[in-house]
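Just below is one structure, and these are the notes that go with it.
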Amino acid sequence: MTQQKQHSLLNRANEAKDLLSKHIKEDHVIRIVSHNDADGLSAAGVIAKAITEEGGQFHTTIVPRLKSDVIAELAKEKYKLFIFSDMGSACLKPISYLKADVIIADHHQPDSDETHDENPNNNRNNRDNRDNRDFSHIHVNPHLFGIDGSTEISGAGTSYLTIRELGEGKKHLAPLALVGAFGDMQGQNGFIGINELIVEDGKESGSLEIHEDLKTVSKAQEPLYKSLAYTFTPALPGLTGDLEGSTGFLEKMGLSYGIKFTDLEDEEKDVLKDELIKINPAIFGDVYSVPKENPVLRDLEEYAYILDACGKNKKTGLGLSIALGERGEALDAAINLQRKYRDQLIKGMEWIKRERSNQLDYIQYIYSEDKVLKSVMGTISAVGIATELLPKNKPILGLSRMHNDIKVSGRTIREMVDKGVDLGKALHDSSLSFGGQGGGHDIAAGAMIPYKEMDNFLNLVNDMIEHQLNS
Ligand SMILES: [Mn+2]
C-alpha cells in the first residue's frame, strides 16, 4: 500500500518532469517561486540546479507567503512555465487562472475543498475557466496520495522528485533535498517514508554519507560552551540557549569551556559524550553529511540552519545563492547572519526562562512586541517546550504584535499530535472566524489575526484543541 502510494506520487512527479523538460528544450526561462525558509530555499535550489545542469535558464523569486496579490503580479508576466515549490497547494484556485503551464511541488495540506479534483484534466476550476484548457497544471503533493507531508517529505523533497529523472538523472541533488527536510524538522529523529528513498538516492549517487556522532553544532568553529548553547535540536535542557548553564556544565566536568570540540583529547570527547547522552540520548545518533562539501555545510542539518538564518534575516538571495553552490564570501556573509540569529535565539531563550508562558486549560501562549523576540517566536516556542522550560502537554502559541495584527506561530510535540491535536486545522478554522487566515501542519502552524481579536482567538483555539483531544 505504502509502495503504491509512493509509486503514484513518483508518477505524478514524472509528469511534472516531462513538462519541465519540454520547456527547457524550448529554451523558455522557467519562473520559480518558492518559500523563504530553509526548505523553500533548498527546494528552489534543487530545481534551479537541475535546470542549469540541463542548459536551461530560470528566474526565481522567494516570498514569505503566497498571497493572491503575488499571484496577480505573476499573472502579468509572460513566462510559459511557473513552478511553485514548498508553496502553492493552499492557493490552487488563484493559480488555476495563470495562463501558462504550472507545476506545484508542495508538501503542505492542499485547499480542503479542492483535494478531490486535483487532476488538471477533470478539474472543476478548469471547467469554470475554459480559456485555460490549453495549459497543463500539474500538482505534485504527497497529501494527494495519502502520504503525510509533515513527516515523510519536505518541499525540497517534493521538488527533488519532480527533477529526479530529468536528463541523465539527478540523484546527486538528493542531499540538498534532505537539507530542506532538516529545515522542516523531518530528519532530526531519523527519516521515514519517502524521505528514506531520497536518502537511498543520496547514498547511491556517492555524495551522501551517514555516520554516528554527537549532534552538537559548529564543532570546529565555536568554543564548546557556545556549541552546546547553540544546539537547539535535539534540545539539551539546561544547556540549549543557555550560555551560563553550558559554561557551568563544562566546568563541572573539568573541561575548559573556551576550546573547540575538535581540539578536545579523545578521552575528553568520550566523557562529554557520556554526560550529554545522560541529558538527552538523542544527542548521539546518525549524522548526514556530504564529505566533499565545505566544512561549514558538510553536515546537512547545519546546512539547513545556515539557510534558515538567511531566510529569517530576509537575505533570501544570499540563501538561494548558497543553495545554488556559491561559497567564499557568500558563505562568510551567511555565517555572520547565523551568529546574529543565534544571539537572537539566546536572547529569546533567556526571556522564556525568565517569563515562562501564560496558561489556558488546553493551550499556553507567549506574547511580545519586542522586535528581536518577534523574529524568533516560533523557534523559542518549540525549544521552550523541548528544554522543559515550558509544559509539554499543551500546544504553544507564540504571538507577535504586527501593527494592527497578531502573527501567530503554533507548535506542539508528536505525542500531542498522536492524541489528536491538529494545530494546522485549529489555526486555520479559528483565524477564519475572526477575519484572519492561517494553517500549516498538525505539529507546526501559523496564522495572522486582527490584534483586537487576540483574546477571543486564544479562547477559540483553546476550545478547538479541547475538542480535538476529546473526540
Ligand atoms: Mn516546507
(request) Kindly list the number of the only condition in (1) over 20 Å from the mean Cα position of the chain (by Cα); (2) of a type in the set (Gly, Ala, Ser); (3) in a helix (DSSP H, G or I) that fails for residue 181. (result) (1)
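Name the single residue that is farthest from the ligand (Cβ to nearest atom) among those in the range 27-46 being of a type outside the set (Gly, Ala, Ser) and assigned to a strand (DSSP E or B). Don't jump to the end; show me each part of the working.
Step one: list which residues in the range 27-46 are of a type outside the set (Gly, Ala, Ser), which gives 27-33, 35-37, 39, 41, 46.
Subset that is assigned to a strand (DSSP E or B): 29-33, 35.
Numbers: 29: 25, 30: 20, 31: 20, 32: 15, 33: 14, 35: 6 Å.
The selected residue is 29.
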(message) Looking only at residues that are more than 15 Å from residue 226 (Cβ to Cβ) and not aliphatic (A, V, I, L, M) in the range 337-352, which one is nearest to the chain's Cα centre (by Cα)?
(response) 348
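Quick one: would you say residue 368 is among the small types (Gly, Ala, Ser) and touching a helix residue (DSSP H, G or I) at 6+ places or on another chain (Cβ under 8 Å)?
Yes.
Would you tally the residues in the range 212-262 being within 30 Å of the chain's Cα centre (by Cα) and in a loop (DSSP other than H, G, I, E, B)?
21
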(message) I need the full set of residues from the range 152-185 which are of a type in the set (Asp, Glu), within 14 Å of the ligand (Cβ to nearest atom) and more than 19 Å from residue 5 (Cα to Cα), in order please.
(response) 184
(request) Kindly provide the set of residues from the range 47-80 that are more than 16 Å from the ligand (Cβ to nearest atom) and part of a loop (DSSP other than H, G, I, E, B), ordered by number. (result) 54, 55, 56, 67, 76, 77, 78, 79, 80
(message) Out of everything in the range 81-114 that is in a helix (DSSP H, G or I) and not aliphatic (A, V, I, L, M), what residue ends up being nearest to the ligand (Cβ to nearest atom)?
(response) 89
(request) Considering only the range 392-471, give the helices (runs of 4 or more DSSP H) lying wholly within it that have at least 2 residues that are surrounded by 22 or more Cβ atoms within 10 Å (Cβ to Cβ) and touching a residue at least 24 places away in the same chain (Cβ under 8 Å). (result) 423-433, 454-470
(request) Assess whether residue 141 counts as being among the polar types (S, T, N, Q), within 14 Å of the ligand (Cβ to nearest atom) and either modelled with pLDDT under 90 or closer than 19 Å to residue 35 by Cβ (or both). (result) yes
(request) Assess whether residue 189 counts as being closer than 21 Å to residue 302 by Cα and away from the ligand (no atom under 15 Å from the Cβ). (result) yes
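The values are calculated or read from the model by the stated rules, or taken from the named source; none is laboratory data. This is a predicted model, so every value here is computed, not measured. A quick note on method: Cβ atoms are made from the backbone with ideal geometry, for glycine too, and the neighbour counts reach across all protein chains shown.
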